[in-house]
Amino acid sequence: MSEWRESAVGLGLVFGTVSGIVISSLVDFPFIYGIVIGSIIGYMIGLFISIRAIKR
C-alpha cells in the first residue's frame, strides 16, 4: 500500500508541475511561480487521493 501512496503523490507532483508550467506560459506568469504553485497543488491532490484510498 505504501508504494501506491507514494506513486499517487508522485503523479500529483508531476501533473501539478506540468500544469503550472502550462498555465504560467499561457498567462505570462514567471515559470518558477507556476512550477512551485502547481507542485504544491499537485502534492495536495495526490496526498488527498492516497489518504482517501487508505481509509477504504
Exercise for review: Filter the stretch 36-51 for residues that are open to solvent by 90 Å² or more (accessible area, probe 1.4 Å) and of a type in the set (A, V, I, L, M, F, W, C) and give the result.
Suggested key: Ile40, Ile41, Met44, Ile45, Phe48
Exercise for review: Looking only at the stretch 25-33, decide whether some residue is open to solvent by less than 60 Å² (accessible area, probe 1.4 Å) and at pLDDT below 90.
Suggested key: no
Review point. So is Ile54 of a type outside the set (S, T, N, Q), in contact (Cβ under 8 Å) with a residue 12 or more places away in the chain and surrounded by fewer than 13 Cβ atoms within 10 Å (Cβ to Cβ) or not?
Key: yes
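The values are calculated or read from the model by the stated rules, or taken from the named source; none is laboratory data. Everything numeric here is computed off the predicted structure, so don't read it as measured data. So basically every Cβ, Gly included, is an ideal-geometry build from the backbone, and we count neighbours across all protein chains shown. Side chains are part of the model used for accessible areas, which takes the heavy atoms of the whole protein and leaves out ligands, DNA and RNA. Shrake-Rupley method; radii C 1.70, N 1.55, O 1.52, S 1.80 Å.
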